[in-house]
1. So, R0 is 41 Å and r is the distance between the beta-carbons of Leu61 and Ala17; what FRET efficiency does that work out to, to 0.05?
2. Which residue, Ser51, Ser115, Ser11, tops the fluctuation ranking in a GNM of the chain built on C-alpha contacts under 10 Å?
3. Would you work out the relative contact order for the range 28-81, in percent, from Cα pairs under 8 angstrom that are 6 or more residues apart?
4. Could you tell me what % of all Cα pairs in the chain have separations over 24 Å?
5. Do any GluC sites (Glu not before Pro) in the range 1-65 lie in a DSSP loop with no more than 12 other beta carbon atoms within 10 Å, and if so, which?
6. Between 0 and 90 degrees, rounded to the nearest ten: what's the tilt of helix 75-88 against the longest Cα principal axis of the chain?
7. What percent does the relative contact order of the chain come to when contacts are Cα pairs within less than 8 Å and at least six residues apart?
8. Between their Cα atoms, which of Lys3/Lys136; Lys6/Lys78; Lys6/Lys52; Lys6/Lys136; Lys6/Lys40 are more than 23 Å away from each other?
Amino acid sequence: MIKTFKEIALSLASAPAWQQKYREIMLLGKQLPPMPEVLKTDDALVPGCESKVWLYLDFDLEENTLVIVGDSDTRIVKGLLAIVLALYNGLTPEQVINTNAFAEFQRLGLIQHLSPSRGNGIKAMVERIQTMAQQKN
């Protein structure tokens, strides 16, 4: 079962050192449900990520919310993706547009520990989600 963003934030905040946060992120990646292979298309690949990252975004018309599934070929990126998905899944397009993932990653104490390429990957994932939200808003 995937944790909510609030649960993830509490868990990372209680980790006393970066090694524990890193381990928690890896566990989040393991808990991310597998993305169906049929959704892993070239269109779903996120450009700008060093690792392979697939994002499939859909819109729930009844709930007026974004539904996002994703996967990655590396464990740490899959864990970071799990945090991004927990942050944005189930939000309305307006809420997505008004949510600053970079600020949340900074608040969690993650940004300073990520390599520039991983930071760019997160930026690319968020840009894809934000673009979808703007199209639906």
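1. 0.40
2. Result: Ser115 has the largest fluctuation of those listed.
3. It comes to 40 percent, rounded to a whole number.
4. 24 percent
5. Numbers: sites: Glu7, Glu24, Glu37, Glu50, Glu62, Glu63; in loops: Glu50, Glu62, Glu63.
Here the GluC sites (Glu not before Pro) that fit, given the DSSP loop and packing criteria, are Glu62, Glu63.
6. 60 degrees
7. Details: 178 pairs, mean separation 35.9, N = 137.
Result for the chain is 26 percent.
8. Numbers: Lys3/Lys136 26 Å; Lys6/Lys78 18 Å; Lys6/Lys52 27 Å; Lys6/Lys136 25 Å; Lys6/Lys40 28 Å.
From Lys3/Lys136; Lys6/Lys78; Lys6/Lys52; Lys6/Lys136; Lys6/Lys40, over 23 Å: Lys3/Lys136; Lys6/Lys52; Lys6/Lys136; Lys6/Lys40.
Bear in mind that the values in this text are calculations on the coordinates, not laboratory data. The structure displayed is predicted, hence computed values, not measured ones. Glycine also receives a Cβ, built like all others from the backbone with ideal geometry; neighbour counts cover every protein chain displayed.
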